[in-house]
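Here's the structure, in structure tokens; my notes come after.
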Amino acid sequence: MNRYEKPLPTPDIETKEYWKGCKRHELLVQRCKDCGTYRFPPMPMCPECNSINREWTKVSGRGRVYSWFVVHYATHPDFVDEVPYAVVLVELEEQANLRIPSNMVDCKIEDIRAGMPVEVVFEDVTDEISLPKFRPVR
Ligand code: ZN
């Protein structure tokens, strides 16, 4: 595995299960055990019913591009060689308003469209961290 020089996520008590799932190439989303609402990012309390009962649920990893923007100017030196690149907001198929920010792979910036079907892929960047990214469904 090549040395990965970019900033890495630091899993904490709320996010460590998410990152463990990514390492197994499974996309996990927190779900309220009382009302069933999915939520992202992870948080201690359900925004719908205020319950603190929650579980991690494996989701399909499929969704659609809800929105995106293109970064032309790197605000962090480690991303200078990446620009221009797209940041996409993917709405997962499990629930309206369940959206995850990520990057697109295997897709030119000019080919990104609102509503285009995408699926998750995982990039193994270190022994501990795999990053979820999205590519067009073929
Ligand atoms: Zn709830």
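The values are calculated or read from the model by the stated rules, or taken from the named source; none is laboratory data. Predicted model, so just to flag it, every value in this text is computed and none were measured. As a convention, Cβ positions derive from the backbone with ideal geometry for all residues, glycine included, and neighbour counts pool all protein chains shown. Please note that ligands, DNA and RNA were not included when accessible areas were found on the heavy atoms of the full protein model with its side chains. Shrake-Rupley method; radii C 1.70, N 1.55, O 1.52, S 1.80 Å.
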_Just to be sure I understand: with springs between alpha-carbon atoms less than 10 Å apart, which residue in Cys46, Cys107, Cys22 has the highest mean-square fluctuation in the Gaussian network model of the chain?_
Cys107
*Quickly work out the Ile13-to-Phe79 label distance, labels modelled 7 Å from Cα along the C-beta direction, and quote it in nm with one decimal.*
2.9
*Ratio of the chain's C-alpha Rg to 2.2 N^0.38 Å, to two decimals?*
1.09
_Charge context of Phe79, other residues only, Cβ under 13 angstrom, K/R +1, D/E -1_ = -3
*asked:* Given the -39500 (n - 2.57) contribution per DSSP H run of 4+ residues, what per-residue ellipticity at 222 nm results for the chain, rounded to the nearest 500 deg cm²/dmol?
replied: -1500 deg cm²/dmol
*Place a label point 7 angstrom from the Cα of Thr57 along the Cα-to-Cβ direction, then list the residues of segment 120-136 whose backbone nitrogen is under 20 Å away.*
120
*Rounded accessible area per residue of the chain, 1.4 Å, Å²*: 61
*Roughly what would the spin-label model give for Arg138 and Asp111, points 7 Å off Cα along C-beta, in nm?*
1.1
*Of the residues Asp34, Asp124, Asp106, which exhibits the maximal mean-square fluctuation in a Gaussian network model of the chain defined by a 10 Å Cα contact cut-off?*
Asp106
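With a 10 Å radius around each residue's Cβ, average the other Cβ atoms per peptide and rank 47-56, 93-102, highest first.
93-102, 47-56
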_Bins of 5 Å from zero: percent of alpha-carbon pairs in segment 28-99_ = 3, 16, 20, 15, 12, 13, 11, 7, 3, 0
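Which percent of the accessible area of the chain is formed by carbon and sulfur heavy atoms (probe 1.4 angstrom)? Could you put the intermediate results ahead of the total?
Numbers: 4170 of 8460 Å².
C and S fraction of accessible area: 49 percent.
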*What residues have an amide H closer than 5 Å to that of Val105, excluding those fewer than 5 places away on the same chain, when H is modeled at 1.01 Å from N in the peptide plane?*
Phe134, Arg135
_16 Å Cα cut-off, lysine pairs counted over the chain (separation 8 or more, or different chains)_ = 9
*Karplus 3J(HN,Hα) series, Hz, for segment 73-85 with 6.51 cos²θ - 1.76 cosθ + 1.60 (x for Gly, Pro)*: 10, 6, 8, 10, x, 6, 10, 4, 7, 9, 6, x, 9
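With r as the distance between the Cβ atoms of Val87 and Cys49 and R0 = 35 Å, compute the FRET efficiency 1/(1 + (r/R0)^6) and round to 0.05.
Details: r = 31 Å, r/R0 = 0.88.
Calculated transfer efficiency: 0.70.
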_segment 8-21 - phi-based ³J(HN,Hα) in whole Hz, Karplus 6.51/-1.76/1.60, Gly and Pro as x_ = 10, x, 10, x, 10, 4, 7, 10, 5, 5, 4, 5, 4, x
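Taking the Cβ of Val88 as the center, what net charge do the other residues with Cβ under 11 Å away carry, scoring Lys and Arg +1 and Asp and Glu -1?
Values: positive: Arg64, Arg99, Arg113, Lys133, Arg135; negative: Glu91.
Summing Lys and Arg as +1 and Asp and Glu as -1 gives +4.
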_Residue-by-residue Karplus 3J(HN,Hα) for segment 87-97, coefficients 6.51, -1.76, 1.60, Hz, glycine and proline x_ = 9, 10, 10, 9, 8, 6, 5, 5, 6, 4, 6
*Using the Cα centre as the reference, give the magnitude of the dipole from point charges on the C-beta atoms of the chain (Lys, Arg: +1; Asp, Glu: -1; all else neutral), rounded to the nearest 20 debye.*
340
